[in-house]
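S.K.: This is the structure I want to talk about, given as structure tokens.
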Amino acid sequence: MRPKQKWILIFSIVFFSIFSRQHSFAQNYEQTLQYANEQYNLKNYANALKTYKRLLFFAGNKDRYPLYEKIAELSLIEKDYYTATTFYKLAIKNASNPSKKADFLLNKAYCEMMIGDFLYATMDLFSIKTEEKKLQQQINFYLGTCYFGLEKFDEAEKYFTKCVNDKDKEAIKNLFKNKKLYRPNPKTAKILSMIIPGSGQFYVGNIKEGVKSLLLSAGLITLMTFITANIDFLTATVAIMPWFQRYYTGGYRKAESLANIKRQKNRSKIYNEIVKIVEKNILN
């Protein structure tokens, strides 16, 4: 075989091999995408999500925006808020339709709220520009929720009242005047239990824990007094003080924790009442 013919043959083999691979890849990609879309339409969301993610790695020069959108949406459905946030961010960067971009921002803000990133959520919500009344109501509701989560109750009240009619504005204002929004105070519970063991728990309303803490501390003090009277102070201190210190410290920390939990429960109840009022106005 002549050298020239030899090189032509080698070139032909390499060329057709590359062409064949590219054609096969394009065909497999399109088939996989079709399968992912079928799973999506059948509401097999977990399977569809896994397939769209796999496609993302083999997208090459293809437009990835539709994949970002689908992965974000399905991650939200599957309640994987961290992944949804990441892909909504990518979708927002690639979106050219203002309406779509607004939807993505709203959904991203929702995901951030669900994972407790209220500050980032407010930034996204303020980025949405719309004149649509229903959408603005939803934005105001989300902003109210974010400020409620940030414990900025004056701001929360302002945005919640924007979502409702004049009659219900008074109802929301009254909910924000409820003293349970700020009570019980964890610092007060802690200080009370530091002064008198168990009193912080009584303040919170947990009588059982209060009695337990009071009796335990009183018992240790009585035992320490008895040992001091019958043996000596040093022995009493070495034997009893570490136990007293442990339960005394644990007591006021427990009182603070119980107050925190109860206050959060009170706030959740108030927030749920606000949601009922807002939902009634948005749905009407």
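S.K.: Checking ALA59 against (1) among the aliphatic types (A, V, I, L, M); (2) touching a residue at least 12 places away in the same chain (Cβ under 8 Å); (3) within 29 Å of PHE160 (Cα to Cα); (4) surrounded by fewer than 16 Cβ atoms within 10 Å (Cβ to Cβ), which test does it fail?
M.R.: With (1) among the aliphatic types (A, V, I, L, M); (2) touching a residue at least 12 places away in the same chain (Cβ under 8 Å); (3) within 29 Å of PHE160 (Cα to Cα); (4) surrounded by fewer than 16 Cβ atoms within 10 Å (Cβ to Cβ) applied to ALA59, the lone miss is (3).
S.K.: In segment 174-189, is there at least one residue being of a type outside the set (Ser, Thr, Tyr), surrounded by fewer than 14 Cβ atoms within 10 Å (Cβ to Cβ), closer than 18 Å to VAL278 by Cβ and touching a helix residue (DSSP H, G or I) at 6+ places or on another chain (Cβ under 8 Å)?
M.R.: Among the residues of segment 174-189, not one is of a type outside the set (Ser, Thr, Tyr), surrounded by fewer than 14 Cβ atoms within 10 Å (Cβ to Cβ), closer than 18 Å to VAL278 by Cβ and touching a helix residue (DSSP H, G or I) at 6+ places or on another chain (Cβ under 8 Å), which makes the answer no.
S.K.: Oh, and also: Considering LEU67, LEU125, LEU105, which residue is over 25 Å from THR145 (Cβ atoms) and not charged (D, E, K, R)?
M.R.: Residue meeting the stated conditions: LEU67.
S.K.: So, in segment 256-284, of the ones that are out of contact with any Cys (no Cβ under 6 Å at 6 or more places or on another chain) and β-branched (Val, Ile, Thr), which residue ends up farthest from PHE202 (Cα to Cα)?
M.R.: Only one residue fits best here, namely ILE282.
S.K.: Kindly check whether there is at least one residue in segment 271-284 that is loosely packed, with under 14 Cβ neighbours inside 10 Å and not in a helix (DSSP H, G or I).
M.R.: yes
S.K.: Look through SER75, SER99 and report the one residue that is polar (S, T, N, Q) and at pLDDT below 95.
M.R.: After ruling out the rest, the residue left standing is SER99.
S.K.: Sticking with this structure for a sec: Please verify whether LYS79 is within 25 Å of LEU119 (Cβ to Cβ) and either crowded, with 20+ Cβ neighbours inside 10 Å or under 17 Å from the mean Cα position of the chain (by Cα) (or both), treating the condition exactly as stated.
M.R.: It is true that LYS79 is within 25 Å of LEU119 (Cβ to Cβ) and either crowded, with 20+ Cβ neighbours inside 10 Å or under 17 Å from the mean Cα position of the chain (by Cα) (or both).
S.K.: Any residue that is surrounded by 13 or more Cβ atoms within 10 Å (Cβ to Cβ) and touching a residue at least 24 places away in the same chain (Cβ under 8 Å) - is there at least one of those in segment 221-234?
M.R.: Looking for residues that are surrounded by 13 or more Cβ atoms within 10 Å (Cβ to Cβ) and touching a residue at least 24 places away in the same chain (Cβ under 8 Å), one finds none in segment 221-234, hence no.
S.K.: In segment 190-201, how many residues are assigned to a helix (DSSP H, G or I), touching a helix residue (DSSP H, G or I) at 6+ places or on another chain (Cβ under 7 Å) and of a type outside the set (Ser, Thr, Tyr)?
M.R.: Number satisfying all stated conditions: 5.
S.K.: For GLU151, only one of the following conditions fails: (1) among the charged types (D, E, K, R); (2) part of a helix (DSSP H, G or I); (3) under 22 Å from the mean Cα position of the chain (by Cα). What is its number?
M.R.: So GLU151 meets the others, but not (2).
S.K.: Kindly indicate the residue of segment 193-215 that is hydrophobic (A, V, I, L, M, F, W, C) and at pLDDT below 90 and also farthest from ALA259 (Cα to Cα) among those meeting that condition.
M.R.: Among those that are hydrophobic (A, V, I, L, M, F, W, C) and at pLDDT below 90, it is LEU215.
The values are calculated or read from the model by the stated rules, or taken from the named source; none is laboratory data. Keep in mind it's a predicted model, so treat the numbers as computed, not measured. A quick note on method: Cβ atoms are made from the backbone with ideal geometry, for glycine too, and the neighbour counts reach across all protein chains shown.
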